[in-house]
1. List the relative contact order of segment A:3-218 as a percent without decimals, with contacts defined as Cα pairs under 8 Å and 6+ residues apart.
2. What FRET efficiency do you get for A:N244 and B:M30 if R0 is 60 Å and r is their Cβ-Cβ distance, rounded to the nearest 0.05?
3. So, R0 is 35 Å and r is the distance between the beta-carbons of B:T155 and B:M315; what FRET efficiency does that work out to, to 0.05?
4. On average, how many beta carbons from a partner chain sit within 10 Å of the beta carbon of a residue in A:105-116?
5. By average Cβ neighbour count within 10 Å, what is the ranking of A:260-272, A:285-297 from highest down?
6. Would you mind giving the total buried accessible surface between chains A and B, with a 1.4 Å probe and ligands, DNA and RNA left out, rounded to the nearest 100 Å²?
7. By its C-alpha gyration tensor, with a ≥ b ≥ c as the square roots of the eigenvalues, how is segment B:235-332 shaped: rounded for a/c under 1.5, else prolate for a/b larger than b/c, else oblate?
8. Under the definition of partner shielding as Cβ atoms of other protein chains within 10 Å of a residue Cβ, what is the mean value for peptide A:81-87?
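The values are calculated or read from the model by the stated rules, or taken from the named source; none is laboratory data. These numbers come from a predicted model, not from an experiment. Quick reminder, even Gly has a Cβ in these numbers, built from the backbone with ideal geometry, and neighbours come from all protein chains shown. Heavy atoms of the whole protein, side chains included, go into the accessibility calculation; ligands, DNA and RNA do not. Shrake-Rupley method; radii C 1.70, N 1.55, O 1.52, S 1.80 Å.
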Amino acid sequence: MEEAIVTQNLTKKFKDLVAVDHVNIDVKRGGIFGLLGPNGAGKTTLIRMLCTLLAPTEGTAKVAGYDIIKQDGKVREHIGLVSEKMIMYDRLTAVENLKLFGKLYNLPKDTLEKRTYKLLKLVHMEKWAKSQIGTYSTGMKQRINIIRALLSVPDVLFMDEPTLGLDPQSTTEIREFIKRINIENETSIILTTHMMVEADMLCDRVGIIDRGKIVALDTPRSLKRIIGGEDVASVDIEIPNLTNEMLEALRDQPTIVSVVRENETHLLIRAKGEDAFDDIIDTIRSRNGRIAFVKSLEPSLEDVFLHITGREMRAEVSSKVKSFQGGGRHGPPALSRRVR
Amino acid sequence: MGAGDTLRHSLWIAWKDLLDLWRNRMAMVMLILMPLFMMVMVGYIFPTESALENADVGLANEDDGPLGIAFAQNLTYVSEESGLMSLKDSSGFDDIKQRIRDGELAGGVIIPSNFSSNLESGTQAVVEIVSDQSNPQISLLLQGILTEVIEQMGTWRAIANVSVQLGVNSSEALAIVKPYTVETRGIVPGNPSYFDFVAPGIMAMTVMMSVMTGLPHAISYEKEFGTLDGMMVAPIGRLSIILGKTIAQTSRGLIQGLIVLGLAVAIFGVTIQGNLFLLLFLLILGVFSFVGLGILITSVARDEQTATMAMMTLMFPMMFLSGVFFPIQQMPVFMQYIAWSLPLTYATSALRKVMILGADVQSISTELIILITFGIVLLAVAVPIFKKAMKK
Ligand SMILES: Nc1ncnc2c1ncn2[C@@H]1O[C@H](COP(=O)(O)OP(=O)(O)O)[C@@H](O)[C@H]1O
Ligand SMILES: [Mg+2]
């Protein structure tokens, strides 16, 4: 069996809402597959169907070679789930939590003890082994939450937003941990995220999901090439004395595709053509703008999403940008929410 | 998945729930307080004769004759001796009426002006009792006591008359005046009290209420919190989850039931005639008989709040209809039909037989069969619905 997951027109409807819409994907064994999409795209719903927690309205899927509808018991023997909400009991210690789930997976006593110790050590949590989960920080909880899913050494590991709401340090550590278990245990991993960087960093294949539909499916590299082909450059630039006038002038440059004001002094500019950088610098300097910081950005998956769906992924950015909606510029209406 | 696995998994789930409960200080306090409140409430709010201790009763003697005065003195003597009433002098009906309205008196007794003359002329004399219709419970008790006292006095008078007129001694006179009397004899030693009657029902109710409210809470809460997914995604039978939760909740309920039992025995003097293990078994069977209902409600309710509300709504009428507080035979006929369709009714009835009458398994076999049937039918309906609902 080569594929960890194959789906066939997998669909879930909640009354009139089609949360997952005829999804056909296949995930190779041993890889890390990223499911990328904004909030409400249907990532969690898709994962829950694959984990046998939710019955599909239409279609089916095979996970680890077993049908999620007809062989749900078999599927459960081969998967692990790190769900969006942590699966742990606050009044139990880490060891007690792991013990409960180890017992549910019929692990023999000594295997359970060995693995518990090994996994706790792996995430540097040995010292906290006998403390109740309720006393942990979110980052610590998530470490236990993840090793809990690894206790049974699953063939396929599902991770729904594994770094959501974590501090930067925990985020980095957990990302490294995910890579490590993928390599060491040859575990196939399917993770969902609404963070482009995460998908970019971790995944060898990415499916972009929007409103329940898979709109793109490829390696992060190939996906980025979709827009990279147009010779587009992205620049992250900081101008301490940024004015609205400067902003308007930048937007009026024919080489500049879009300008996003990240905050008071920060701009994200996308531009086309050979003279793009010159134009940007000249426009700012000629208006006495000081350039404190410039960084050329590779096209990110964020740009890919925007390119494909015509919409910004992060809702909070578009609302910030809205206040700058000034002059009537060209571009598709869907873009104007962000770009103006 | 064998039965052994199912049971083992469910025991681990129960272990988790009980450990969680044990470490939840607030929940532990409530666990102990609930049956305590329950017992104290039932033990003290129900009107008993002692509730009438020293009730103020107005006495108006409108009769100037010697017999009226003698009657009034007798009545005063009896009430002082028994401590049931405290008689207050009054001028007549209007005065008593006013003072009942003012809340000074619980009732009144009037000796009419023709009392002596009637008695002397050989006519039956009348004593009037004034009752307070706004307080039927007290008024009923008062009437009962007054009637008894007055009748007793009438009997004494009759005995005196008979023994004088026929020249016999007083016990012979009694046999003439009151040829019949009633003596009550129970089938177990001791005098039955209301508490003996309610204690088994309260116990059954406490255990079942605990499980029935605890179960939807335990499952819906974990579902909302997301931790239920951990069990649902594990390769265990769905029945293990239901069973595990039920075992934990039943243990919790039994602890409360035993607190009720302990209080009933220690404070309210209830005696247990039957086998204690049979008693425990009956409680567990009672839980089994409608655990399916709890599962059913959990399955159809959207969230924890809805589940708990639905359960409460069902529990309330059950509490009053299943003969916990008053005998079913006292209810209107159509209500009796409802009562006989509730499992709690059978659990209460069987518990009562075991606890008060010392019944054995054979004498409660009907109840046992009905409870088991209830349990199987409800579970057979609930489990598939639960499985389906969890995947919605
Ligand atoms: N149980 C449910 N009942 C009704 N609608 C739901 C339910 N679960 C999710 N949805 C809806 O389905 C859509 C997809 O949700 P979800 O899969 O959670 O998205 P994501 O995980 O990508 O943020 C959302 O619009 C959400 O409101
Ligand atoms: Mg989600």
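1. Once divided by the residue count of segment A:3-218, the mean separation gives 32 percent.
2. In this case the efficiency is close to 0.50.
3. 0.10
4. 1
5. Values: A:260-272: 17.0, A:285-297: 12.4.
Highest-to-lowest ranking by the protection proxy: A:260-272, A:285-297.
6. Numbers: alone 16900 and 21540 Å², together 35740 Å².
So the total buried area for this chain pair works out to about 2700 Å².
7. Oblate, because a/c is 1.5 or more while a/b does not exceed b/c.
8. 5
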